[in-house]
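Let me begin by presenting the structure, written as structure tokens, before commenting on it.
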């Protein structure tokens with residue numbers, strides 16, 4: 001063997017290994033920074049401090065898709081709907097571009113594509129929620145339907161469609177159908193954490209209580225659904241807790257029970273001092 005041949009053959013392998021290691025480390029560091037940034041914004045978000053959560057989104061600046069999605073959702077909570085809409089639309093566009101890139105990689109990217117589709121579904125759902133706030137119910141429903149095409153068994157997508165029908169006020173049977181489907185899906189769900197399943201189910205049950213009150217005025221059933229909704233949603237997430245109280249207020253208002261309706265609106269307002277459900281409850285209480 002000529003002198004140095006073994007070393008010469010070994011050097012490229014070392015270089016490849018070092019390049020691979022550097023890429024792996026860089027990817028890990030990026031992902032870790034993203035996890036840290038998301039945790040930093042979720043801590044105040046859980047408590048209903050949406051202003052602090054908005055500031056914390058700056059930690060996601062280098063990930064445009066995540067930055068636009070989280071910031072858009074938080075701005076919706078704060079009522080800045082114009083900027084929120086622009087960010088959420090951009091988030092969806094970036095997500096769909098990422099999907100195309102993953103599809104081009106074929107079967108090797110199957111798992112990554114599945115995860116990306118769920119992220120796209122969440123952004124579409126957030127945009128639908130914004131359209132609900134603006135009273136653009138047809139556009140909201142189209143967003144929720146698109147979200148369900150990306151994530152078909154997501155109960156929250158069905159729940160959102162039920163809410164849209166209830167807000168429109170023209171067909172309580174549609175609202176009841178979608179709300180029941182949401183509860184069924186989330187009771188059967190196995191691919192989310194217990195906390196997320198319970199929170200989603202609490203929101204579903206609150207929406208179903210409102211739908212039942214509007215559709216059949218069955219007070220006993222509304223009482224049962226509201227009680228289970230409160231139990232499931234707990235106090236872990238301010239926005240979800242306030243949402244359930246607000247929907248309970250709407251349910252009892254539909255039943256003509258002004259005293260209990262006002263009580264739930266006051267609770268929602270107290271729980272959520274900055275966000276959309278507290279604002280909605282205060283508006284409802286004023287009549």
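Bear in mind these aren't lab numbers, they're just calculated from the coordinates by the rules spelled out. Keep in mind the model is a prediction, meaning the values are calculated, not measured. All Cβ positions, glycine included, derive from the backbone under ideal geometry; neighbour counts span all protein chains shown.
Restricting attention to the stretch 59-112, the residues being surrounded by 15 or more Cβ atoms within 10 Å (Cβ to Cβ) and farther than 23 Å from residue 129 by Cβ number 3.
A count restricted to the stretch 220-237 and to residues that are surrounded by fewer than 23 Cβ atoms within 10 Å (Cβ to Cβ) and touching a helix residue (DSSP H, G or I) at 6+ places or on another chain (Cβ under 8 Å) stands at 9.
Here 279, 236, 217 are screened, and the one residue that is touching a residue at least 12 places away in the same chain (Cβ under 8 Å), within 30 Å of residue 54 (Cα to Cα) and outside any helix (DSSP H, G or I) is 236. So for the stretch 156-175 (the condition being over 21 Å from residue 253 (Cβ atoms) and out of contact with any helix residue (DSSP H, G or I) (no Cβ under 7 Å at 6 or more places or on another chain)), does at least one residue qualify? No, because not a single residue in the stretch 156-175 is over 21 Å from residue 253 (Cβ atoms) and out of contact with any helix residue (DSSP H, G or I) (no Cβ under 7 Å at 6 or more places or on another chain).
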